[in-house]
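First up is the structure itself, then whatever we jot down about it.
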Amino acid sequence: MPIKSYLAHPHDGKKEVLIQAISQLSNCDVIPAENKDLLIIVTDTNDKIEDEQLKEKLEAIESLKLLAMVSGFDAPKNN
């Protein structure tokens with residue numbers, strides 16, 4: 001299960017719009033910075049395909065200016 005964290009920079013004046021858009025996505029949590037126009041996004045998906053689909057959805061949000069991955073971890077499932 002891929003777990004990744006990102007820093008998201010909104011377009012000027014679009015922080016709240018970006019928070020709302022990301023909040024509507026499943027497998028995704030958003031934490032706004034208190035002192036900057038910056039969001040922290042943590043994703044937790046079931047597999048690499050779902051992870052790629054979620055990343056594409058994030059990158060398609062119009063209020064998003066920049067998305068930078070900070071950390072990624074993929075834990076194999078135990079059978």
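Quick notes on this one:
- Dipole magnitude (debye, nearest 20) for the chain, charges at Cβ of Lys, Arg, Asp, Glu: 100
- Whole-Hz Karplus values for the stretch 8-25 come out as 10, 10, x, 5, 3, x, 10, 4, 5, 5, 5, 4, 4, 5, 5, 4, 7, 7 Hz, taken residue by residue from phi with 6.51 cos²θ - 1.76 cosθ + 1.60 and θ = phi - 60°; glycine and proline positions read x.
- Length-normalised contact order of the chain in % [C-alpha pairs under 8 Å, at least 6 apart]: 49
- Each helix, a run of at least 4 DSSP H residues, gives -39500 (n - 2.57); summed and divided by the residues of the chain, these come to -8000 deg cm²/dmol at 222 nm.
- Set of the stretch 20-38 residues, backbone N closer than 16 Å to the point 7 Å along the Cα-Cβ line of Leu7: 31-38
- Counted charge near Val42, where neighbours are those whose Cβ lies closer than 14 Å (Asp, Glu -1; Lys, Arg +1): -1
- Folded to 0 to 90 degrees: helix 48-59 orientation relative to the chain principal axis, Cα: 10
- Calculated diffusion of the chain, Stokes-Einstein form, Kirkwood radius summed over Cα pairs, 20 °C and 1.002 mPa s, µm²/s: 168
Every number in this text was worked out from the coordinates using simple rules, so none of it is lab data. Please read these numbers as outputs of a predicted model, since none were measured by experiment. Neighbour counts run over all protein chains shown; Cβ positions are idealised from the backbone, glycine included.
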